[in-house]
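The values are calculated or read from the model by the stated rules, or taken from the named source; none is laboratory data. Values in this document were obtained by computation on a predicted structure and should not be read as measured data. As a convention, Cβ positions derive from the backbone with ideal geometry for all residues, glycine included, and neighbour counts pool all protein chains shown.
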Amino acid sequence: MVMRYLLDSNIVIFVLKDPQCIAAGRLKGTAAADIAICSVVEGELYHGAKKYGDPAKRKAILDGLLEPYASLPFDSACVPHYASIRDHLDRQGNLIGGNDLMIAAIALTHGLTVITNNCDEFHRPRAACRRLVRVRHASSC
């Protein structure tokens, strides 16, 4: 399997809220084998599903949307990237959220481009990793 992209939770939320949005069209036009999600993003999404409306219905919708995509864990292979990114950002006094740090480490470990609408947050680990974490804005993915 040759994956190319790692979806951030905000992209999945855009697609759920507006199935006609640019990101939804791009997902439909991209082979499922090229797209991955990760355990961190899944946790964020399923937590959100529990917070609003009908949690069982929201879970079922998420299950259906995420089903075709491989899910990557934050595991021991990600730890060196996590440590390097965090150390670099700590030294600069330029921290990012813990979940985004793990997502960046997962992307680096697997050589994936993060697809996000949160470019401000992901720009920092990208710079820390000499541009190894590539970020695409939702409107340009």
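Remarks
- Matching residues in segment 57-82 - criterion: being out of contact with any Lys or Arg (no Cβ under 9 Å at 6 or more places or on another chain) and more than 20 Å from A107 (Cα to Cα): K57, A60, I61, L62, D63, G64, L65
- Complete set of residues in segment 31-85 that are in contact with a strand residue (DSSP E or B) (Cβ under 8 Å, 6 or more places away or on another chain), farther than 19 Å from K17 by Cα and among the β-branched types (V, I, T): I35
- Among the candidates G48, G53, G29, residue that is out of contact with any helix residue (DSSP H, G or I) (no Cβ under 6 Å at 6 or more places or on another chain) and under 24 Å from G97 (Cα atoms): G48
- If you filter segment 1-53 down to residues that are of a type in the set (F, W, Y) and surrounded by 13 or more Cβ atoms within 10 Å (Cβ to Cβ), you find that the one that is modelled with the lowest pLDDT is F14.
- Positions within segment 67-92 being crowded, with 17+ Cβ neighbours inside 10 Å and either part of a helix (DSSP H, G or I) or without any contact (Cβ under 8 Å) to a residue 60 or more places away in the chain (or both), in sequence order: F74, C78, H81, Y82, I85, R86, L89
- Candidates G48, G25, G64, filtered to the one that is within 16 Å of N117 (Cβ to Cβ), without any contact (Cβ under 8 Å) to a residue 12 or more places away in the chain and part of a helix (DSSP H, G or I): G25
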